[in-house]
Amino acid sequence: MSKDDDNEEDGLYFETLLMIAKGNDKFLTLAANLRKLYDTAPEEFRRLAKLRILGRRRAYYFVEIDRVFGGDQDMAVRLNRIGWTKLQIIAPYVTKENREELVALAEAHTAVNLKAIMRGEPPILGGRTVVLHFTKKQFAAFAEAILAHGATKNGAGFLDKERALTKALKKRKKKGDTKIPGASESGSSGCDLA
């Protein structure tokens with residue numbers, strides 16, 4: 001490797017680092033840079049992937065996105081509108097034959113519904129999202145309840161948690177037990193299912 005190659009890789013490294021730090025919307029360029037570093041300077045790629053702001057998983061998602069969609073300037077505007085989150089969902093499934101169909105699917109659905117469709121499940125139309133912040137004790141109770149009602153462990157998360165939680169809540173309500181133990185923790189006023 002020549003001195004010029006080293007300078008080019010250093011320049012690419014610092015350009016990519018700046019893009020990560022700024023958090024700008026040029027994710028296709030970021031994906032191309034990360035892929036080039038992955039292919040030509042793996043140590044530099046790994047250094048960037050260790051940055052908390054990027055993360056290892058997302059760095060590899062960007063490499064995959066560039067492998068599948070890189071260099072397609074005709075589709076760049078559409079791909080930027082879709083966003084990297086949905087592109088990384090469809091990327092493993094894209095072929096020359098289904099590329100347009102999957103990009104159109106990503107344009108038409110939320111990331112959650114797109115994941116369901118890619119797993120062969122029906123999308124949840126008109127659904128709602130709920131973000132919960134648990135203490136360790138509350139999370140343990142939540143995990144125990146949903147596992148007992150049909151959820152399954154999947155890595156650090158759960159599959160079918162929504163269905164299982166709904167089933168657990170309906171079961172408690174049928175029994176007439178409307179107070180949720182531990183709901184008044186962390187200063188909340190409690191929870192009543194009635």
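Annotations
- Residues within segment 110-148 that are over 22 Å from I90 (Cα atoms) and of a type in the set (D, E), tallied: 1
- All positions within segment 33-62 that are in a helix (DSSP H, G or I) and farther than 14 Å from F14 by Cα: R35, Y38, D39, T40, P42, R56, R57, R58, A59, Y60, Y61, F62
- Restricting I90, I124, I65 to residues that are out of contact with any Phe, Trp or Tyr (no Cβ under 8 Å at 6 or more places or on another chain) and not in a loop (DSSP other than H, G, I, E, B) narrows the list to I90.
- A164 vs. criteria out of contact with any Gly (no Cβ under 6 Å at 6 or more places or on another chain) and either at pLDDT below 95 or within 21 Å of D66 (Cβ to Cβ) (or both): no
- When segment 82-104 is filtered for residues that are of a type in the set (S, T, N, Q) and either under 23 Å from L30 (Cα atoms) or not assigned by TED's automatic domain parsing to the domain that holds R58 (or both), the ones remaining, listed by number, are T85, Q88, T95.
- Taking first residues from segment 105-126 that are closer than 15 Å to W84 by Cβ and in the same structural domain as V94 (by TED's automatic domain parsing) and partners that are hydrophobic (A, V, I, L, M, F, W, C) and loosely packed, with under 14 Cβ neighbours inside 10 Å, no Cβ contact under 6 Å between residues at least 6 apart in sequence or on separate chains turns up.
- Pairs linking a residue in segment 131-152 that is part of a helix (DSSP H, G or I) to a residue that is basic (K, R), with Cβ atoms under 7 Å and 6 or more positions apart or on different chains, are I146/K161.
- When each of F134, F139, F62 is tested for being closer than 24 Å to T16 by Cβ and not hydroxyl-bearing (S, T, Y), the lone residue that passes is F62.
- Yes/no for F158 being over 20 Å from F69 (Cα atoms) and touching a Leu at 6+ places or on another chain (Cβ under 9 Å): yes
- For segment 132-161, a tally of residues being modelled with pLDDT of 90 or more and out of contact with any Phe, Trp or Tyr (no Cβ under 8 Å at 6 or more places or on another chain) returns 16.
- Within segment 14-32, tally of residues that are outside any helix (DSSP H, G or I) and of a type in the set (G, A, S): 1
The values are calculated or read from the model by the stated rules, or taken from the named source; none is laboratory data. Since the model is a prediction, treat every value here as computed from it, not as a measurement. Here Cβ is always computed from backbone atoms with ideal geometry, including for glycine, and neighbour counts include all displayed protein chains.
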